[in-house]
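Inspection log for the structure reproduced underneath, given as structure tokens.
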There are 2 protein chains.
Amino acid sequence: MTEEIKAVARRHLASDGANLSLRAVARDMGMASSAVYRYFASRDELLTALIIEAYDSVGEAAERADAAAAGADFTDRLVTVGLAVRDWALAEPHQWALIYGSPVPGYQAPQDTIMPATRVIFLIAGIVRDAYAAGRIAERPEITGRYAEELAAVAEQFGPDIPPRLVGAAMAAFIQLCGAVSAELFGQLNNSVDEDRRGFLEFQIRGAAAFIGL
Amino acid sequence: MTEEIKAVARRHLASDGANLSLRAVARDMGMASSAVYRYFASRDELLTALIIEAYDSVGEAAERADAAAAGADFTDRLVTVGLAVRDWALAEPHQWALIYGSPVPGYQAPQDTIMPATRVIFLIAGIVRDAYAAGRIAERPEITGRYAEELAAVAEQFGPDIPPRLVGAAMAAFIQLCGAVSAELFGQLNNSVDEDRRGFLEFQIRGAAAFIGL
DNA sequence: CCACAACGAGAGCACTGCTCTTGCATTCGT
DNA sequence: ACGAATGCAAGAGCAGTGCTCTCGTTGTGG
């Protein structure tokens with residue numbers, strides 16, 4: 001039942017945009033709006049469920065694309081993942097806006113969402129870690145400063161002896177990917193790069209890979 | 001009068017978030033909600049006015065910071081501009097979300113907004129152009145493909161004989177900046193880089209500068 | 001002096017999220 | 001087998017929203 005509500009809500013999200021109306025969802029299902037509150041305590045809770053699904057969906061799409069590109073060059077794997085994320089975002093623009101766009105006003109993301117949110121960045125960091133283990137990362141001067149210490153703490157979650165600089169570069173690549181996809185989706189690229197946006201994204205990802213040291 | 005409405009609306013935006021209520025603005029001014037419609041045909045039109053103001057505000061902040069850093073190293077100028085944009089975004093997070101976050105549902109940006117929107121990217125591209133004219137950009141293989149042609153068309157707006165690769169890298173730097181600021185503002189960095197986000201941003205900007213060839 | 005335009009107030013429509021009460025089935029315990 | 005308890009949905013209602021329409025006031029120019 002909750003699944004059906006989520007499905008209808010997702011459909012509404014895809015057509016109407018972020019201002020998801022609980023009443024409209026209920027109307028679509030032929031039930032009173034109050035009945036939906038049996039399954040979701042509030043509109044925010046329904047939003048949270050959709051957010052978690054969206055994170056899982058894009059994460060799975062990225063992982064599947066990377067699995068299909070197994071054995072390829074590390075840089076090409078990054079490109080593959082990035083393009084897969086873009087393809088997903090183009091197919092589900094409102095879901096993308098839900099998770100990587102401006103936060104819904106008055107909505108505080110609960111703890112449940114932070115775990116699925118890490119799937120893509122973990123995938124990217126994993127590729128970088130494997131490349132480092134394979135000795136394919138060029139040597140670079142290590143970073144210093146307070147943020148370097150924080151990145152070193154993050155690095156321990158990925159594996160032993162990963163240079164903080166590499167973790168920072170991997171996060172930067174992910175952030176750049178998010179920014180590039182959002183820029184395309186939110187109209188930032190209009191009137192400058194209108195046709196071959198896929199090629200422009202690949203250009204950017206290869207730049208991020210170079211920054212990593214690949 | 002329209003100025004006063006915009007001022008109150010901006011205050012509401014800063015406190016309540018993106019769901020700006022026309023009635024609340026009218027209440028704050030001691031007038032009926034219908035009276036506001038004398039000055040703005042719709043809520044969207046008020047939003048548009050605020051969006052234009054926000055673009056101008058961040059653009060001016062960036063330009064002022066760059067002017068104050070005149071004569072500095074080109075890379076340092078990029079860093080200065082990036083940090084100024086970040087400072088503005090931290091001071092006005094809702095205005096940032098308004099212009100660089102997910103578009104308001106059902107809102108179609110009119111033509112009036114595209115000109116002010118280009119101020120920051122023009123500033124960055126200008127720095128890159130000057131660096132190129134000064135011979136400070138390292139040689140890189142030129143890009144090819146459909147997006148390279150589109151970037152070549154864009155390059156003509158910036159000056160004569162600018163390599164398309166450079167325009168692409170400048171745009172990539174701007175996109176990366178937007179992504180990084182949005183990531184910080186929208187909570188993407190939580191639980192990984194929590195203290196020295198300024199340092200992490202500088203790290204990323206220097207990466208973008210390296211990609212440009214500085 | 002009067003007409004006209006500008007302006008604001010108020011009522012009202014259709015919509016929203018959310019709460020509370022009521023009623024109908026089903027099912028469970030004795 | 002029968003009453004009780006539970007799960008579920010509907011409906012009314014509240015406070016709020018964007019927006020439209022009408023009506024009264026006010027100020028100014030001819």
Go through (1) open to solvent by 10 Å² or more (accessible area, probe 1.4 Å); (2) assigned to a loop (DSSP other than H, G, I, E, B); (3) touching a helix residue (DSSP H, G or I) at 6+ places or on another chain (Cβ under 7 Å) one by one and return the number of the condition A:Arg119 breaks. (2)
Tell me whether the stretch B:151-169 contains one or more residues that are aromatic (Phe, Trp, Tyr), on the phi < 0 side of the Ramachandran plot and either in a helix (DSSP H, G or I) or facing chain A (nearest Cβ under 9 Å) (or both). no
For the list (1) open to solvent by less than 30 Å² (accessible area, probe 1.4 Å); (2) among the small types (Gly, Ala, Ser); (3) within 12 Å of chain A (Cβ to nearest Cβ), I need the number of the one condition that B:Gly145 fails. (1)
Which one of these does B:Ser102 not meet: (1) within 11 Å of chain A (Cβ to nearest Cβ); (2) part of a helix (DSSP H, G or I); (3) touching a Gly at 6+ places or on another chain (Cβ under 7 Å)? (2)
Check whether at least one residue in the stretch B:127-139 is touching a Leu at 6+ places or on another chain (Cβ under 9 Å) and within 12 Å of chain A (Cβ to nearest Cβ), and report yes or no. no
What residue, of A:Gln176, A:Gln188, is of a type in the set (S, T, N, Q), open to solvent by less than 20 Å² (accessible area, probe 1.4 Å) and under 17 Å from B:Gly179 (Cβ atoms)? A:Gln176
Kindly list, by first and then second residue, each pair from a residue in the stretch A:197-214 that is in contact (Cβ under 8 Å) with a residue 24 or more places away in the chain to a residue that is surrounded by fewer than 19 Cβ atoms within 10 Å (Cβ to Cβ) and outside any helix (DSSP H, G or I), limited to pairs with Cβ atoms under 6 Å and residues at least 6 apart or on different chains. A:Gly213/A:Ala138; A:Gly213/A:Arg140
All but one of (1) in the same structural domain as A:Trp96 (by TED's automatic domain parsing); (2) in contact with a His (Cβ under 9 Å, 6 or more places away or on another chain) hold for A:Gly59; which doesn't? (2)
I'd like to verify a number: residues in the stretch A:1-42 that are farther than 18 Å from A:Ala54 by Cα and in contact with a Phe, Trp or Tyr (Cβ under 7 Å, 6 or more places away or on another chain), how many? 1
Quick one: would you say B:Trp88 is more than 16 Å from DNA strand C (Cβ to nearest atom), among the aromatic types (Phe, Trp, Tyr), more than 14 Å from chain A (Cβ to nearest Cβ) and under 23 Å from B:Ala172 (Cβ atoms)? yes
Surrounded by fewer than 24 Cβ atoms within 10 Å (Cβ to Cβ) and more than 7 Å from chain A (Cβ to nearest Cβ), is that true of B:Glu195? no
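The values are calculated or read from the model by the stated rules, or taken from the named source; none is laboratory data. This is a predicted model, so every value here is computed, not measured. Heads up, the Cβs are rebuilt from the backbone with ideal geometry, glycines too, and the neighbour counts pull from every protein chain shown. Ligands, DNA and RNA are stripped out before the accessible areas are found, and what is left, the full protein with its side chains, is counted by its heavy atoms. Shrake-Rupley method; radii C 1.70, N 1.55, O 1.52, S 1.80 Å.
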